[in-house]
Each structure stands twice: as C-alpha cells, then as structure tokens.
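Participant: Shown below is the structure under consideration.
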Amino acid sequence: MPQSPGTEFAAAPVSFVVRHQLWDANVEDHMDQGISIEVTATIGGQDTTLLRFNCFDLERSYVYGPENPALSTPGRVGAGMGIHRRADPIIDPHPIAWAIKLLGTKLPAMIEQSGYKGVAGLIDMAAVQKILPDVDACAREIFAVKRNVVKHNRGTDLFEAGAIRFGLEMRRQRNGDGGLALHVLADIGGTRSKSYIEETELLAFDCFWKDAHYHYGPRNKNHRTNWDLTIVDDPLDWTFEQIAKGKLRAMIERAGYPGIANDVDQETIDAVLPALKKRAYEMYALGEQLTGHKGLPLEFTPNMAAE
C-alpha cells in the first residue's frame, strides 16, 4: 500500500509520480517493499494512472493500463484491470534503472499499449528525457532512505539460545492494539568480548489482539505478513509451532542474515523452549487479566525508534 502521496514530475500531457510502497503478504500480492513509478494523465476530467512500474525488493514488474477496464491478462488468477508484465531480475538487475530506461525509450508505445493512443500521440519525448534524471534521482532516494523499518524494544524477559536470543514483551500501541511480542535477536558486528558489539532484531512476532503480524528483518528489509485469524486460531501458538518445527533457520535467512542462520542450533533452541513458552503464556494471561486481551498491558509501550 502507498506510504506517501508521491512526488510528481510533469512532462505534459503526462506526469510521473514516485511513491514509496509497503506490501503486506495478506493484504497485497505478497510481502515486499520499494517504490512505484506511475505515469498519469487527465482522462475524461479524471487523474488516471496509465502505466505503473513496481520497483521493489522482490516485485519487478510493470502494468499496462492499471485503471483501464478494457484491459486484463487472459487466464490471470484473480483477474483485475491492466496487463501485468514482469522484468527478468537476471537480465535487468536494478529495477529503477530498468524502469527509467524504458520510460526514456518506449513510453509512447507503452502508453498506446495501455489503451490511451490519443495521449501517446501527444507525448513530447524531449520533455520526458529532460525530466527523467530528476525522476531517477527521486526514486533512488526514496528507495534507499524512505524504507519502512522499525526498531522495537528488545523485550523485558530474555532467553539465550546459542547464536540467537528471544525477547518477550507486552506491547501496547497508541491506538489500543497490542499484545505479546516475541523478538528474535542476535549479536552482529562484533562478539561479546568487544565493546562495539551490536544487537539487532532478526524477526518479530507481534501476537496482537487485532492487527496480528510478523516481520522478516524489521531493521533490514522489513517484509511483513498479517496473520489470517480465520485460519490461525492463536498467533503465539502458531509462532511456537514454527520454532518447534525448526523453521527459524530458514526464516532468519529469509530476513537477510544467512550467516546467523547457519549458526542456529535447533537442539539449543529446543532446550530453552519450555521456559520460553511458560513465561510467554504467563504474560499472555497477565494481559488478559489487566485488559481483557492476551498479552496487552495497561500502558502504551513505545518502540525504541520512537523515543
């Protein structure tokens, strides 16, 4: 979902709009993050997106006519407007460079393919090529700087498990949502014998009463998924099930920390798991006693980044 209103660059009759996007796996197509570049124009008195490039961590694609009801991809599961095309990340490894190149060379043809032949015939490519360096610079800046990442507290109750540790925290957001958070942490950038050692959060499982979700690499790519509470009865039970099944190694690698994942020892995790679960369910019960929601404390608990 767009995280900003976007920055617009005009090259009449079209404009380019650069937006930061954060996709949730159970809201959008999959978990992802990056920027979109939209080509817009006024059609029938309405501001209309004619063409969109998705320049994300994983999603590298473009959509002809995302608002054109006459266009659809034959056989596409879920249907939807527009014709969806994907880039090959091996051939075109940098999504923004790839998008800017196409905008500078193929824009009229792509707008015509989107179903807007009249607009395509009016495009001034000299004006487009003049403004594209600014679009490129803006897109790269947003991709690098405006990424949605979060720095949580490490937790109030910590459990060492070899290369990683678990932190438990009763969390409450300002909107009243919250519950028990389970943080998976590790030391990076040094060892425990060094003063410059840094601890980072690899995974976060926010077992909230309303907006329950988990994060891959909260401080890195921060790809997140909302649990479907129709099929997941209890997020904390689900989390412990994955830990017991040995899923943490793959999840930590997916979060962007393959070296730490390689050092994960399931036997060490199994040894600490009973105590971790016991304390987690005690905190779950305490929240329900205090607020009527499992793990939810009475007071607001800010993230470290908000302090």
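The values are calculated or read from the model by the stated rules, or taken from the named source; none is laboratory data. Note that the coordinates shown come from a computational prediction; the quantities given were computed from them, not determined experimentally. Note that we place each Cβ from the backbone using ideal geometry, even for glycine, and neighbour counts take in every protein chain shown.
Participant: How about the stretch 249-264: which of its residues are of a type outside the set (Gly, Ala, Ser), within 19 Å of the chain's Cα centre (by Cα) and either buried (at least 21 other Cβ atoms within 10 Å of the Cβ) or not assigned by TED's automatic domain parsing to the domain that holds ALA163 (or both)?
Facilitator: Residues satisfying the conditions are ILE252, TYR257.
Yes/no matrix, rows are residues, columns are (1) loosely packed, with under 14 Cβ neighbours inside 10 Å; (2) modelled with pLDDT of 95 or more; (3) touching a His at 6+ places or on another chain (Cβ under 8 Å):
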position	(1), (2), (3)
GLY6	no, no, no
PRO13	no, yes, no
VAL17	no, yes, no
GLN21	no, no, no
ASP24	no, no, yes
ASP29	no, no, no
ASP32	no, no, yes
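Participant: Mind listing whichever residues of the stretch 1-51 are in contact with a Cys (Cβ under 8 Å, 6 or more places away or on another chain) and within 18 Å of ASP134 (Cβ to Cβ)? Give the steps one after another, and end with the answer.
Facilitator: Keep residues of the stretch 1-51 that are in contact with a Cys (Cβ under 8 Å, 6 or more places away or on another chain), which gives 7, 9, 18, 34-37.
Answer for the stretch 1-51, where residues must be in contact with a Cys (Cβ under 8 Å, 6 or more places away or on another chain) and within 18 Å of ASP134 (Cβ to Cβ): THR7, PHE9, VAL18, ILE35, SER36, ILE37.
Participant: Restricting attention to the stretch 193-214, and to residues there that are among the charged types (D, E, K, R) and touching a His at 6+ places or on another chain (Cβ under 6 Å), which single residue is surrounded by the fewest Cβ atoms within 10 Å (Cβ to Cβ)?
Facilitator: Keep residues of the stretch 193-214 that are among the charged types (D, E, K, R), which gives 194, 198-199, 201, 206, 210-211.
Filter again for touching a His at 6+ places or on another chain (Cβ under 6 Å), leaving 201, 206.
Values: GLU201: 23, ASP206: 28.
Residue satisfying both the conditions and the ranking: GLU201.
Per-residue answers, yes or no, for (1) out of contact with any Phe, Trp or Tyr (no Cβ under 7 Å at 6 or more places or on another chain); (2) not polar (S, T, N, Q):
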{"residue": "LEU182", "(1), (2)": "no, yes"}
{"residue": "TYR196", "(1), (2)": "yes, yes"}
{"residue": "LEU202", "(1), (2)": "no, yes"}
{"residue": "LYS221", "(1), (2)": "yes, yes"}
{"residue": "ASN262", "(1), (2)": "yes, no"}
{"residue": "LYS278", "(1), (2)": "yes, yes"}
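Participant: Filter the stretch 236-266 down to the residues that are within 18 Å of THR225 (Cβ to Cβ) and either among the polar types (S, T, N, Q) or touching a His at 6+ places or on another chain (Cβ under 6 Å) (or both) and list them by number.
Facilitator: If the condition is that a residue be within 18 Å of THR225 (Cβ to Cβ) and either among the polar types (S, T, N, Q) or touching a His at 6+ places or on another chain (Cβ under 6 Å) (or both), then THR239, GLN242 are the ones that fit.
Participant: Same structure, new question: When you look at ALA275, is it in contact with a helix residue (DSSP H, G or I) (Cβ under 9 Å, 6 or more places away or on another chain), of a type outside the set (Phe, Trp, Tyr) and at pLDDT 95 or above, yes or no?
Facilitator: Working: in contact with a helix residue (DSSP H, G or I) (Cβ under 9 Å, 6 or more places away or on another chain): no; of a type outside the set (Phe, Trp, Tyr): yes; at pLDDT 95 or above: yes.
The answer is no for ALA275.
Participant: Go through the stretch 140-157 and give me each residue that's surrounded by 17 or more Cβ atoms within 10 Å (Cβ to Cβ) and not in a loop (DSSP other than H, G, I, E, B).
Facilitator: Residues satisfying the conditions are ARG140, ILE142, PHE143.
Participant: Here are GLY217, GLY295, GLY287: which of them is closer than 22 Å to ASP187 by Cα, buried (at least 17 other Cβ atoms within 10 Å of the Cβ) and in contact with a Gly (Cβ under 7 Å, 6 or more places away or on another chain)? Even if it seems obvious, please write down each step before you answer.
Facilitator: Details: GLY295 fails: closer than 22 Å to ASP187 by Cα; GLY287 fails: closer than 22 Å to ASP187 by Cα.
Going through GLY217, GLY295, GLY287 in turn, just one is closer than 22 Å to ASP187 by Cα, buried (at least 17 other Cβ atoms within 10 Å of the Cβ) and in contact with a Gly (Cβ under 7 Å, 6 or more places away or on another chain): GLY217.
Participant: Identify, by number, the condition in (1) modelled with pLDDT of 90 or more; (2) surrounded by fewer than 21 Cβ atoms within 10 Å (Cβ to Cβ) that ILE37 doesn't meet.
Facilitator: For ILE37, the exception is condition (2).
Participant: Taking GLY190 and the conditions (1) surrounded by fewer than 13 Cβ atoms within 10 Å (Cβ to Cβ); (2) small (Gly, Ala, Ser); (3) at pLDDT 95 or above; (4) assigned to a loop (DSSP other than H, G, I, E, B), which numbered condition does it fall short on, given that it satisfies the others?
Facilitator: So the condition that GLY190 fails would be (3).
Participant: Scan the stretch 6-40 for residues that are more than 20 Å from ARG140 (Cβ to Cβ) and in contact with a Phe, Trp or Tyr (Cβ under 7 Å, 6 or more places away or on another chain) and jot them down.
Facilitator: Result: ASP29, HIS30, MET31.
Participant: Sort out which residues of the stretch 136-159 are more than 17 Å from the chain's Cα centre (by Cα), within 28 Å of GLU288 (Cβ to Cβ) and charged (D, E, K, R), and write them in order of number.
Facilitator: ARG154, ASP157 - these are the residues of the stretch 136-159 that are more than 17 Å from the chain's Cα centre (by Cα), within 28 Å of GLU288 (Cβ to Cβ) and charged (D, E, K, R).
Participant: Filter the stretch 56-71 down to residues that are over 12 Å from ILE37 (Cβ atoms) and among the hydroxyl-bearing types (Ser, Thr, Tyr), then give me how many there are.
Facilitator: Result for the stretch 56-71: 1.
Participant: I want to confirm something. Restricting to the stretch 171-187 and keeping residues that are touching a residue at least 60 places away in the same chain (Cβ under 8 Å) and within 18 Å of GLY256 (Cα to Cα), which single residue is surrounded by the fewest Cβ atoms within 10 Å (Cβ to Cβ)?
Facilitator: Of everything passing the filter in the stretch 171-187, ALA186 is surrounded by the fewest Cβ atoms within 10 Å (Cβ to Cβ).
Participant: OK, next. Which of (1) touching a helix residue (DSSP H, G or I) at 6+ places or on another chain (Cβ under 6 Å); (2) over 28 Å from LEU58 (Cα atoms); (3) among the charged types (D, E, K, R) is the odd one out, the single condition ARG249 does not satisfy?
Facilitator: Here ARG249 clears every test but (2).
Participant: How many of the residues making up the stretch 158-180 are assigned to a strand (DSSP E or B) and closer than 17 Å to PRO302 by Cα? Reasoning before the result, please.
Facilitator: The first filter runs over the stretch 158-180 and keeps only residues assigned to a strand (DSSP E or B), leaving 158-161, 164-172, 178-180.
After this cut, where a residue has to be closer than 17 Å to PRO302 by Cα as well, the list is 167-172, 178-180.
Counting residues in the stretch 158-180 that are assigned to a strand (DSSP E or B) and closer than 17 Å to PRO302 by Cα gives 9.
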